[in-house]
Amino acid sequence: GMVQQEPAGAPGLAAAGEAEACAAAAATAEVRLSRRRWAVVLLFSSYSLCNAFQWIQYGSINNVFVRFYGVSAFTIDWLSMSYMITYIPLLFPVAWLLDKRGLRLIALAGSALNALGAWVKLGSLKPHLFPITVLGQVICSLAQVFILGMPSRIASVWFGSREVSTACSIAVFGNQLGIAVGFLVPPVLVPNVDDVEKLAYHISIMFFMTAGVATALFILVVIVFKEKPPHPPSRAQALIQSRPTEEYSYMQSILRLLHNANFLLLMVTYGLNTGCFYALSTLLNRMVIHHYPGEEVNAGRIGLTIILSGMVGALISGIWLDRSKAYKQTTLIVYTMSLVGMITYTFTLSLGHLWVVFLTAGMLGFFMTGYLPLGFEFAAELTYPESEGTSSGLLNVSAQIFGIAFTIGQGQIIDRFETKAGNLLLCSFLFLGTIMTAFIKADLRRQQANLDNEQT
């Protein structure tokens, strides 16, 4: 009689042999890059752009919407803060879905909600329909939960080990570019006219364009977005794919991360830096209009400058990381320069020269936004082999919590005292963050895994 051949990896293997079998499977797996990877990351970048645009489209013309809906500036700030608030409770359920159901479902949900929110906003074109605006913005903020955790996951699932950081910066890029467009376009499309009917018409044009773009992107995601490439793109990814799935528990993963002292330090410092950036973006229109009345369009351009120079910073830091692998040193230098930039901006805002504000805002953006992909990638290093969705999710939660605190705190200080006092609040927290960054130990676990693999 024929002896039944026992399939590899059957329960017959002892648990100790299981790990070796996985490592062997990973070693023999063919590592190949898929051409589709660029289409995937660019499409993600695009709908992320559209969602970030919808985040800041109210804040960048805060004073116009205050007049149209007859609400306070602080109420309009809440439209921007709604993004930060929905993120906090929903992050973990969504990250769990990302692990269980994979990239495609998350991409579909994110792009669909983004389009839906854009269409709901079209129903809010009368001054008394402010609640509809809030509803549309909340739907868009749900979409954001499905977007923020994806960059490092897309990078590691689709890209080779020499291009992960660059891919991660391209994915983070879309979000930044969306904020840039959100600073630039609304002041141009919606001039601050007196006639409410005319104002409603201008606002409707902006909302219609957004809804059209968001819908087109959703259709593209349905067509283009695949779960993962046919072959793993790197050894580290092959190892993860060959691991049996049952051994992975979501809550345990979070608990392990919260026991990792270096990661905890990074989580707080990342939150302080990015929280400052959120507050600055939300309140920029108010700060600039206060010192330079009637300069709505230039306020938008200053926001644009912050973002564009930041995108250059993010790209440079991503490429530099792939080359040097000097995570700790780079993070510390960029953090220190963010602080220097913030101090300079604080003391030059009121000098009365717009070109000086453009200059300092550019420097501030270069380092503050350049820090974003650094934080994600440093976290992925410190926490390997945990899921990148979990580590970047915790970083984002920290950023949203500090973002809300700083936006409310700085907003109240600006109302009661003056803009300089509000900005000094941010300076002091960035100083604290710089000190804490110096204490993070560079325990680069993902690098180690790739090195060990090359040796075997």
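Could you grab me the full set of residues in segment 442-451 that are part of a helix (DSSP H, G or I), open to solvent by 20 Å² or more (accessible area, probe 1.4 Å) and either touching a helix residue (DSSP H, G or I) at 6+ places or on another chain (Cβ under 8 Å) or not assigned by the TED database to the domain that holds Thr383 (or both)? Give the derivation first.
Going residue by residue through segment 442-451, those that are part of a helix (DSSP H, G or I) are 445-451.
Those still in the list that are open to solvent by 20 Å² or more (accessible area, probe 1.4 Å) too: 445-448, 450-451.
If the condition is that a residue be part of a helix (DSSP H, G or I), open to solvent by 20 Å² or more (accessible area, probe 1.4 Å) and either touching a helix residue (DSSP H, G or I) at 6+ places or on another chain (Cβ under 8 Å) or not assigned by the TED database to the domain that holds Thr383 (or both), then Arg445, Arg446, Gln447, Asn450 are the ones that fit.
Please work out which residue is nearest to Asn262 (Cα to Cα), limiting yourself to segment 334-360 and to residues that are of a type in the set (A, V, I, L, M) and within 21 Å of the chain's Cα centre (by Cα). Before the answer, list the steps.
Step one: of segment 334-360, the residues of a type in the set (A, V, I, L, M) are 334, 337, 339-340, 342-343, 349, 351, 354, 356-357, 359.
Pick out the ones that are also within 21 Å of the chain's Cα centre (by Cα) and you get 334, 337, 339, 342.
Working: Val334: 18, Met337: 21, Leu339: 21, Met342: 25 Å.
Here the residue is Val334.
Can you list residue pairs whose Cβ atoms sit under 7 Å apart, with the first residue in segment 146-164 being within 13 Å of Arg104 (Cα to Cα) and the second being of a type in the set (Lys, Arg) and not in a loop (DSSP other than H, G, I, E, B)? Count only pairs 6 or more apart in sequence or on different chains.
Once the first residue is within 13 Å of Arg104 (Cα to Cα) and sits in segment 146-164, its partners that are of a type in the set (Lys, Arg) and not in a loop (DSSP other than H, G, I, E, B) give Trp158/Arg37.
So, in segment 399-441, how many residues would count as being under 23 Å from the mean Cα position of the chain (by Cα) and either acidic (Asp, Glu) or not in a helix (DSSP H, G or I) (or both)?
Number of matching residues: 1.
Would you be able to tell me the number of residues in segment 135-169 that are assigned to a loop (DSSP other than H, G, I, E, B) and either out of contact with any Leu (no Cβ under 6 Å at 6 or more places or on another chain) or surrounded by 24 or more Cβ atoms within 10 Å (Cβ to Cβ) (or both)?
Initial filter on segment 135-169 (assigned to a loop (DSSP other than H, G, I, E, B)): 149-150, 159-163.
The next check asks that each one be either out of contact with any Leu (no Cβ under 6 Å at 6 or more places or on another chain) or surrounded by 24 or more Cβ atoms within 10 Å (Cβ to Cβ) (or both); those that pass are 149-150, 159, 161-163.
Residues that pass the stated criteria total 6.
Tell me, yes or no, whether segment 400-413 has at least one residue that is open to solvent by 10 Å² or more (accessible area, probe 1.4 Å), touching a helix residue (DSSP H, G or I) at 6+ places or on another chain (Cβ under 9 Å) and farther than 26 Å from Leu79 by Cα.
So far as segment 400-413 goes, no, none of its residues is open to solvent by 10 Å² or more (accessible area, probe 1.4 Å), touching a helix residue (DSSP H, G or I) at 6+ places or on another chain (Cβ under 9 Å) and farther than 26 Å from Leu79 by Cα.
Do you know which of the residues in segment 414-441 that are open to solvent by less than 50 Å² (accessible area, probe 1.4 Å) and of a type in the set (Ser, Thr, Tyr) is modelled with the highest pLDDT?
That would be Thr434.
Residue-wise test of (1) closer than 29 Å to Ile440 by Cβ; (2) surrounded by fewer than 18 Cβ atoms within 10 Å (Cβ to Cβ); (3) modelled with pLDDT of 80 or more.
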residue	(1), (2), (3)
Ile307	yes, no, yes
Val312	yes, yes, yes
Ile316	yes, yes, yes
Trp320	yes, yes, yes
Val334	yes, no, yes
Thr344	yes, yes, yes
Ser350	no, yes, no
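Working carefully through the options Ile76, Ile132, Ile56, Ile85, find the one that is open to solvent by 10 Å² or more (accessible area, probe 1.4 Å), closer than 21 Å to Tyr278 by Cα and aliphatic (A, V, I, L, M). Spell out the reasoning first.
Values: Ile76 fails: open to solvent by 10 Å² or more (accessible area, probe 1.4 Å); Ile132 fails: closer than 21 Å to Tyr278 by Cα; Ile56 fails: open to solvent by 10 Å² or more (accessible area, probe 1.4 Å).
Of Ile76, Ile132, Ile56, Ile85, the one residue that is open to solvent by 10 Å² or more (accessible area, probe 1.4 Å), closer than 21 Å to Tyr278 by Cα and aliphatic (A, V, I, L, M) is Ile85.
Which one of these is in contact with a Leu (Cβ under 6 Å, 6 or more places away or on another chain) and over 23 Å from Leu177 (Cβ atoms): Leu426, Leu382, Leu339?
Details: Leu426 fails: in contact with a Leu (Cβ under 6 Å, 6 or more places away or on another chain); Leu382 fails: in contact with a Leu (Cβ under 6 Å, 6 or more places away or on another chain).
So the residue among Leu426, Leu382, Leu339 that is in contact with a Leu (Cβ under 6 Å, 6 or more places away or on another chain) and over 23 Å from Leu177 (Cβ atoms) is Leu339.
Between a residue in segment 103-121 that is free of Cβ contacts under 8 Å to residues at least 12 places away in the same chain and any residue that is open to solvent by 40 Å² or more (accessible area, probe 1.4 Å), which pairs come within a Cβ distance under 7 Å, given they are 6 or more apart or on different chains?
Leu105/Leu97
Filter segment 95-128 down to the residues that are touching a Cys at 6+ places or on another chain (Cβ under 9 Å) and closer than 15 Å to Ser46 by Cβ and list them by number.
Going residue by residue through segment 95-128, those that are touching a Cys at 6+ places or on another chain (Cβ under 9 Å) are 111, 113-118, 120-121.
If the condition is that a residue be touching a Cys at 6+ places or on another chain (Cβ under 9 Å) and closer than 15 Å to Ser46 by Cβ, then Ser111, Asn114, Ala115, Ala118 are the ones that fit.
Within segment 385-396, can one find any residue that is open to solvent by less than 10 Å² (accessible area, probe 1.4 Å), under 30 Å from Tyr292 (Cβ atoms) and in contact (Cβ under 8 Å) with a residue 40 or more places away in the chain?
For segment 385-396, residues open to solvent by less than 10 Å² (accessible area, probe 1.4 Å), under 30 Å from Tyr292 (Cβ atoms) and in contact (Cβ under 8 Å) with a residue 40 or more places away in the chain: absent.
The values are calculated or read from the model by the stated rules, or taken from the named source; none is laboratory data. Small disclaimer: the values here were computed from a predicted structure and weren't measured. Quick reminder, even Gly has a Cβ in these numbers, built from the backbone with ideal geometry, and neighbours come from all protein chains shown. Areas reflect the complete protein model, heavy atoms only, side chains present, ligands, DNA and RNA absent. Shrake-Rupley method; radii C 1.70, N 1.55, O 1.52, S 1.80 Å.
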